[in-house]
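First comes the structure, then the notes that go with it.
The values are calculated or read from the model by the stated rules, or taken from the named source; none is laboratory data. Every value quoted in this text rests on a predicted model; they were computed, and no experiment measured them. Methodologically, a virtual Cβ is constructed for each residue, glycine included, from the backbone with ideal geometry; neighbour enumeration extends over all protein chains shown.
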Amino acid sequence: MNRLEHLMTILNEECAELQQATSKALRFGLHDGYPETDRTNESDMRRELSQLFAVADMLRKEGLNLDPDYSAIKDKKAKEEHYLDYSKEKGALQVDD
C-alpha cells in the first residue's frame, strides 16, 4: 500500500466514524454525552467531520482534486430541499414549529 492508498483508507474510516457519531446523535440526542466528560454527540460529530476534512486536505496535497464543487453543492441542496418538501407532503417528515 502506498501513501495515497493509506490516506484513502483513513478517509473511509473517518466517514464510518462520522456515521457512528451521527447514529448515536439520532438514537440518544445531540446533547447526550459521556459521563464525566464534556463530550456530546454533537461535539463528536464535529470532531469526526473535522478529522474527515483533515484527511481530505492531506489527500489534496497528494494531488487529488478534492476541492469543493460549489455547483454540485448547490444542486444537492436543491435536490434535498425538494425531497424534504415531498416527505412533508407525505406526512413522513414532521414539521418543526
Note on region 1-16: residues surrounded by fewer than 17 Cβ atoms within 10 Å (Cβ to Cβ) and acidic (D, E) are E5, E13
Residues of region 20-51 being over 17 Å from I10 (Cα atoms), surrounded by 14 or more Cβ atoms within 10 Å (Cβ to Cβ) and out of contact with any Gly (no Cβ under 6 Å at 6 or more places or on another chain), which ones?
-> T22, K24, A25, L30, G33, N41, E42, S43, D44
Within the set of pairs 6+ apart or on separate chains, which have a first residue in region 12-31 that is in the same structural domain as R46 (by TED's automatic domain parsing), a second that is surrounded by 15 or more Cβ atoms within 10 Å (Cβ to Cβ) and of a type in the set (V, I, T), and C-beta atoms under 6 Å apart?
-> E14/V55; H31/T40
When region 68-97 is examined, which residues are found to be part of a helix (DSSP H, G or I) and of a type in the set (A, V, I, L, M, F, W, C)?
-> A72, I73, A78, L84
Quick check: anything in region 53-67 at pLDDT 95 or above, farther than 16 Å from L7 by Cα, out of contact with any Leu (no Cβ under 7 Å at 6 or more places or on another chain) and part of a loop (DSSP other than H, G, I, E, B)?
-> no
So which pairs qualify, if the first residue must be in region 60-86 and of a type in the set (D, E, K, R), the second must be part of a helix (DSSP H, G or I), the Cβ gap must be under 8 Å, and the two must be at least 6 apart or on different chains?
-> E62/R3; E62/L4; E62/L7; D67/R60
